[in-house]
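**Q** Handing you a structure now.
What follows is calculated from the coordinates using simple rules that are stated; it is not laboratory data. None of the values given here were measured: they were computed from a predicted structure. Heads up, the Cβs are rebuilt from the backbone with ideal geometry, glycines too, and the neighbour counts pull from every protein chain shown.
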Amino acid sequence: MRFPRASGVLLHPTSLPGPHGSGDLGREAYHFVDWLASAGQKLWQILPLAGIGPGNSPYMSNSAFAGNVLLVDLAELHRQGWLDAADLEPEPGLVASKVDFAAMVPFRMARLAKAAERYAHQASSEQRAAFAAFAQAQASWLDDYALFMALCEANGWRDWCDWDPALAARKPAALAAARAQHAARVAFWAFCQWAFFRQWAALRAYARGRGIEIIGDTPIFIAHLSAEVWANQHLFELGPDGRPTVVAGVPPDFFSATGQRWGNPLYRWSAHAKDGYAWWVERIRRTFELVDIVRIDHFRGFAGYWEIPAAEPTAVKGRWVPGPGEALFKAIAKALGPMPIIAEDLGLMTPDVEALRKKFAFPGMRILQFAFAGDATDRFLPHNYEPDTVVYTGTHDNDTTAGWWATATEHERHYARGYLSTDGHDMAWTLIRAALASVADTAVHPMQDILSLPTECRMNYPGQESGWWGWRFEWGQLHPWHAGRLLELCRLYGRA
């Protein structure tokens, strides 16, 4: 599917300003949409909206369908009458410059709990009807999710295969007893999802009204400690004890000499094929209820994926295994029609991956920071792009462009200076200009590059399990010229 020529900014909502330890779906998100519009941007790209997992990563969520409850705007809950003004007062540890997860998570969860309790005792009949309608519409995943989260709490967040065997195996009598025993917490987790979905729907509608479309992110794999794996064990490569027999990752590459052992359970694709890939169809359908465009992470895994024995500590001793290929995307297209999907086709690309992407007309990705290590044939150089491309200066997994340039090899520096006709003094904006000038239909710039920020502000470092995902910006870092310059460049290159 060809996308209209456009420009956008990559910024996860957690990176927004705000007083409660993390960006959220409140006032600052609306202000950011206004800023995007003033800068001539048509796209806001985010990371997965699901809850965070190990290492605070949004790519290791406890659900493929649920939203991140830590993004709920507490001020809106106050306006509903479910929190007091005192509940909105920040506590020590909630700093503006970063997300301190150790301080932010308990602060927000305590207030969500109070709001849920207030709702339970004070909600109007209209509010209860709205909640009931939401619960019914989302029942296909919400019922399992809310029970799963309640059981995770009750079991000290141990892996579900270490729970009572009857619950791990989802025996109906055990599930019914658990729902009764943990009814209050089941209701709490459902309430939090209602709050998230209400607020996200309002923010997305506002963005649409300002001419901004949202690019979402769907990780190919999900965490073992997730409601969907627990509820659909037959769809994953699990042993009789419920534990993965093989796990996901990538072989050694640019980022890591030992590869990346992500640890996610792999799909039992034969089981998915038997029911027409219904789980994946529903996953994509639900994602498009939240966003306008979907970036599918690690697209090459649908052509072939790196299978690592679960006992291996690194990704070195893995093997390539064929993925579902065309069959999956034919099933999605048959059920949902043409979908605006971006294929994250980075890493080791082989002809079958390219053929799969092109068959379904999914735009691929190009990263300018990768462009200058080789010669004129490098696929990441703008003169080698095709229009059905989304070009980035860098992604959430890259260093900031300023950080990249500070550590680039002399070959990269020499090539980039000549190719881009620059002395290298302002490489972040030099790459932004190159992306916007290219034939790629879509150009996306991380907010860190718009602000020309150093390595310390990168969002993630692949292969490092902790210490990331916490970057935030402050409005004082933005000046009128940032929006003005973006708008001018977008007009020059036909993207405004």
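**Q** What's the exposure ranking of Val294, Val105, Val444, going from fewest to most Cβ atoms within 10 Å?
**A** Details: Val294 20, Val105 16, Val444 25.
The most exposed by this proxy come first: Val105, Val294, Val444.
**Q** Based on the Cα atoms of the stretch 154-312, what semi-axes does the equivalent ellipsoid have, where each is the square root of 5 times one gyration tensor eigenvalue, given in whole Å with the largest first? All intermediate terms of the calculation are to be shown ahead of the outcome.
**A** Details: eigenvalues 155, 141, 45 Å².
The three semi-axes for the stretch 154-312 are 28, 27, 15 Å.
**Q** Take Trp35, Trp200 and order them by how many other Cβ atoms sit within 10 Å, fewest up front.
**A** Trp35, Trp200
**Q** What would the Debye equation give as log₁₀ I(q)/I(0) for the stretch 28-126 at q = 0.10 Å⁻¹, counting only Cα atoms as equal point scatterers?
**A** Relative scattering, expressed as log10 I(q)/I(0), comes to -0.37.
**Q** If you consider only alpha-carbon coordinates, what radius of gyration and Dmax does the stretch 6-492 have, in Å?
**A** 22.6, 70
**Q** Report, to the nearest 10°, how far helix 101-122 tilts away from the longest principal axis of the Cα atoms in the chain, using its own Cα long axis and a range of 0 to 90°.
**A** Value to nearest ten degrees: 50.
**Q** Take every Cα-Cα pair in the stretch 171-214 and report what % of them are more than 17 Å apart.
**A** Numbers: 513 of 946 pairs.
For the stretch 171-214, the fraction of Cα-Cα distances above 17 Å is 54 percent.
**Q** Scaled to the compact-protein estimate 2.2 N^0.38 Å, what is the alpha-carbon radius of gyration of the stretch 1-84, rounded to two decimal places?
**A** Details: Rg = 14.8 Å, N = 84, 2.2 N^0.38 = 11.8 Å.
Compared with the compact-globule rule of thumb, the stretch 1-84 sits at 1.25.
**Q** Still on this model: Please order Asp162, Asp144 by the number of other Cβ within 10 Å, starting at the fewest. Kindly include the intermediate steps, with their values, before the conclusion.
**A** On the way: Asp162 13, Asp144 20.
With the fewest neighbours first, Asp162, Asp144 line up as Asp162, Asp144.
**Q** Suppose we look only past 22 Å in the calculated P(r) of the stretch 274-410. What percent of the Cα-Cα pairs does that tail hold? Write down the numbers at each step before the final one.
**A** Numbers: 4570 of 9316 pairs.
In whole percent, the share of Cα-Cα pairs in the stretch 274-410 beyond 22 Å is 49.
**Q** Dividing the convex hull volume of the Cα atoms of the stretch 90-247 by its residue count, what figure in Å³ per residue is obtained?
**A** Details: hull volume 28.0 nm³, N = 158.
Cα-based convex hull of the stretch 90-247, divided per residue, equals 177 Å³.
**Q** How big is the stretch 426-496 in terms of Cα radius of gyration and Dmax, in angstroms?
**A** Answer for the stretch 426-496, Rg first and Dmax second: 14.0, 41 Å.
**Q** Using only the alpha-carbon atoms, how far is helix 125-137 inclined from the longest principal axis of the chain? Give it as 0 to 90 degrees, nearest 10.
**A** Here the helix axis deviates by roughly 70 degrees.
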